[in-house]
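These notes concern the structure reproduced below.
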Amino acid sequence: MLSVQSLGLHHSGNYLFQNVNFTIKKDDKVGLVGKNGAGKSTLLKMLSKEINFYEGEVVTEGSITIGFLKQDLDFVKGRTVWAETMQAFEQINAWKNELEEVNHQMTVRTDYESDSYTDLINKMTELNDLLMNHDAYNLEGDMEKVLFGLGFKADDFQKITDEFSGGWRMRIELAKLLLQKNDIMLLDEPTNHLDMESIIWLENFLKDYPGAIVLVSHDKQFMTAVCNRTFDINNKKVDDYKANYTKYLVMREDRREKLIQAKKNQDAEIKQMEDNINKFRASATKASFAQSLIKKLDKIERIEVDNEDVSKFNIRFVQSMVPGKVIFEAAKLGKAYGQKQIFDDVDFIVQRGDRIALLGQNGQGKTTLAKILAGDIKDYSGAWNLGHNVNIGYFAQNQEEVLTPNKTVLEEAEDAATEETRPRVRDLLGSFLFQGDAVSKKTKVLSGGERNRLALCKLLLRPFNTLIMDEPTNHLDIQSKEIIKLALQNFEGTLIVISHDREFLQGLCDKIYEFRDGKMKEFLGDINEYLEYRQKESIREISAEKAKLHSEVKEEPKKVEEKPVVSTSQTSNVITKEQKNIQNKIKKVEEKISELETKVEEMEASFAKENPSEETLEKYNKAKEELENALQEWEYLGTQLD
């Protein structure tokens, strides 16, 4: 479906890629891995033809379509969420408009025997076939499914997109891409703006996606679940592993050990040649032999082994004095921004040694609570108390808010240091890859990953007994995330962490505070137990949203949207016996569809009131399957009638 041949890309003489070859087939779901800066996002841009100044070729088979999730948004102001999402079907909408015009012409014209009228009939048939093949009469159901899955509620559909934050607008862009059903879908960190529930929904959606996917993600669990193939970008090349991420790690380690051994053998061979060159170079009789060895040495392609030494990230958070038993205590805590109440009436007690994850949809108040406890927000309702001898270390999600733009990296670190840790500032910065001139960079020019590393370094320069961390793994590669997780597991103090990364939270937290609908609920258990509970709740909530949406519309009993067809009076004055039989069959199928739709809607409404049992879910899925089969039969009979 897509073939890359001798691909190369260089800037100022330095190659990012060189002589890269691979093929992507229809069912491939490829995960791109590699260190930050290896070229993962650049490769996606090359495949999408957004970058075209490269060596080699990117060849596509036939007229395949490629969709690319871009980070820059270009929405038309004033559109609703529903109208903006509908833009995903640009071609289908054009076909529908064209079919509407064709049907209008056939209604007003009477020259039934003319060639031009026959052309209209052929055009109508062609457009109907196109719309049916693209499932154009089920678009609204698909839109509801995707928007609900990405966290939107029924009330959001008619809101203007201008009212939403950049993260939520990015979800609309993702929804449009998913609905387009391209042959190849290119996704660069699609989970960045999603909460955990939406990530799990997207994971399941992509696993069943009928086309090919090329994915960049730092979410290890997401990559393992979605991808069946892994491209490891390193040393200017792409190593192809026909395995998911977890299996790739094992295969890569085997390959790396063989490469290390091959490098040792090559190094020994090179040393022997260099010794011989030095030995024979001064000899008049063997000078020509030395020259031939030099030429042979120059032609050797040196084996390179990617340096995976992670000792520079071997960090440890140092605990200060032991605090009292109670770290935080809150009663009827609430916070509003203007007329919008974020959360209210929140009570909790955090005790020494607790390890708590704050979870919930974006905008529900997780970061707000973190800022209140860290002392950054002082305007709130209710009350909370700080325990005895509590020293708080706070890692903010947006590091630009806590870094001074015109200070250098060194100055920022020195300001965070104590008398005891000041002599270790440069060493710690070096451990976080700020070496040489890098310590003189202004913080305002740092990348997202660099800001996070600097913030983590600052936390190490002061002793704390309580850590509050808001998305500490943002912009970090998988390897760095694992090292930070290990450091937090070894931290003996109290931990409160916000993260949407399931794998990162596993084994790190044993208590969940869930933010939802303006309230906070405590869940005793680990992340896996919580997700099992949340999955059942989500089925009930989405069913309630569907019921709410359709009850608000107050439509007539739902009927199947009929395909526009030419009336028999326009093509022939005689209805054949066969046509009559088909019409009778269509009538019976339509009655069956109406009954099944009513049954499904009633079951979905019941899900909003109570959790469905396994038996009920089985009946629900069977009814949905019968409905889908009936719709397919109706479509087939419609083509037979044409």
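The values are calculated or read from the model by the stated rules, or taken from the named source; none is laboratory data. Just so it is clear, the structure is predicted and the values come from calculations on it, not from any experiment. No Cβ is skipped: glycine too gets one built from the backbone with ideal geometry, and neighbour counts run over all protein chains shown. The accessibility values were calculated without ligands, DNA or RNA, using every heavy atom of the protein model including side chains. Shrake-Rupley method; radii C 1.70, N 1.55, O 1.52, S 1.80 Å.
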Original post:
So which of 447, 480, 431 ends up being at pLDDT below 85, open to solvent by 50 Å² or more (accessible area, probe 1.4 Å) and hydroxyl-bearing (Ser, Thr, Tyr)?
Top reply: 447
Subject >> Top-ranked residue in region 514-530 [being open to solvent by less than 50 Å² (accessible area, probe 1.4 Å) and not hydrophobic (A, V, I, L, M, F, W, C); ranked as farthest from residue 478 (Cα to Cα)] >> reply: 518
Original post:
If a residue has to be in a helix (DSSP H, G or I) and in contact with a His (Cβ under 8 Å, 6 or more places away or on another chain) to count, how many in region 415-472 make the cut?
Top reply: 4
Subject >> Residues (more than 13 Å from residue 136 (Cβ to Cβ) and of a type in the set (Val, Ile, Thr)) located in region 89-108 >> reply: 102, 107, 108
Subject >> Count - residues of region 282-311 that are part of a loop (DSSP other than H, G, I, E, B), open to solvent by 100 Å² or more (accessible area, probe 1.4 Å) and at pLDDT 75 or above >> reply: 2
Original post:
Assuming residue 363 fulfils every condition listed in (1) at positive phi; (2) at pLDDT 90 or above apart from one, which condition is it?
Top reply: (2)
Original post:
Across region 503-513, which residue is farthest from residue 530 (Cα to Cα) among those that are open to solvent by 10 Å² or more (accessible area, probe 1.4 Å) and not in a loop (DSSP other than H, G, I, E, B)?
Top reply: 503
**OP:** Only residues that are among the hydrophobic types (A, V, I, L, M, F, W, C) and out of contact with any Leu (no Cβ under 7 Å at 6 or more places or on another chain): list them for region 101-123, please.
**Re:** 108, 120, 121
Subject >> In region 62-77, the residues that are at pLDDT 85 or above and either in contact with a Gly (Cβ under 6 Å, 6 or more places away or on another chain) or exposed (fewer than 15 other Cβ atoms within 10 Å of the Cβ) (or both) >> reply: 64, 65
Original post:
Only one of 267, 254, 240 is modelled with pLDDT of 80 or more and loosely packed, with under 11 Cβ neighbours inside 10 Å; which?
Top reply: 254
**OP:** Would you mind telling me which numbered condition in (1) open to solvent by 70 Å² or more (accessible area, probe 1.4 Å); (2) under 28 Å from residue 186 (Cα atoms); (3) of a type outside the set (Gly, Ala, Ser) residue 80 fails?
**Re:** (1)
Original post:
Within region 27-61, which residues are more than 30 Å from residue 451 (Cα to Cα) and assigned to a loop (DSSP other than H, G, I, E, B)?
Top reply: 27, 28, 49, 52, 53, 54, 61
Subject >> Residues of region 4-32 satisfying the condition of being modelled with pLDDT under 90 and out of contact with any Gly (no Cβ under 9 Å at 6 or more places or on another chain) >> reply: 10, 11, 12, 13, 14
**OP:** For residues that are buried (at least 18 other Cβ atoms within 10 Å of the Cβ) and over 18 Å from the mean Cα position of the chain (by Cα), scanning just region 158-183, find the one that is farthest from residue 84 (Cα to Cα).
**Re:** 183
Original post:
What number of residues within region 563-620 are modelled with pLDDT of 65 or more, farther than 27 Å from residue 548 by Cβ and of a type in the set (Lys, Arg)?
Top reply: 4
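Quick grid of which residues meet (1) open to solvent by 20 Å² or more (accessible area, probe 1.4 Å); (2) without any contact (Cβ under 8 Å) to a residue 60 or more places away in the chain:
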position: 95; (1), (2): yes, yes
position: 101; (1), (2): yes, yes
position: 109; (1), (2): yes, yes
position: 116; (1), (2): yes, yes
position: 119; (1), (2): yes, yes
position: 135; (1), (2): yes, yes
position: 142; (1), (2): yes, yes
position: 150; (1), (2): no, yes
position: 156; (1), (2): yes, no
Original post:
Limited to region 7-32, what total is found for residues that are within 27 Å of the chain's Cα centre (by Cα) and open to solvent by 10 Å² or more (accessible area, probe 1.4 Å)?
Top reply: 9
**OP:** Go through region 33-47 and give me each residue that's touching a Gly at 6+ places or on another chain (Cβ under 6 Å) and either in the same structural domain as residue 475 (by the TED database) or open to solvent by less than 60 Å² (accessible area, probe 1.4 Å) (or both).
**Re:** 40
**OP:** Collect the residues in region 90-136 that are farther than 30 Å from residue 67 by Cβ and outside any helix (DSSP H, G or I), keeping them in residue-number order.
**Re:** 109, 110, 111, 112, 113, 114
Original post:
Are any residues in region 386-428 open to solvent by 30 Å² or more (accessible area, probe 1.4 Å), under 32 Å from the mean Cα position of the chain (by Cα) and modelled with pLDDT of 85 or more, and if so, which ones?
Top reply: 392, 394, 404, 405
Subject >> residue 88 vs. criteria at pLDDT 85 or above, in contact with a Lys or Arg (Cβ under 7 Å, 6 or more places away or on another chain) and either open to solvent by 90 Å² or more (accessible area, probe 1.4 Å) or within 30 Å of residue 164 (Cα to Cα) (or both) >> reply: yes
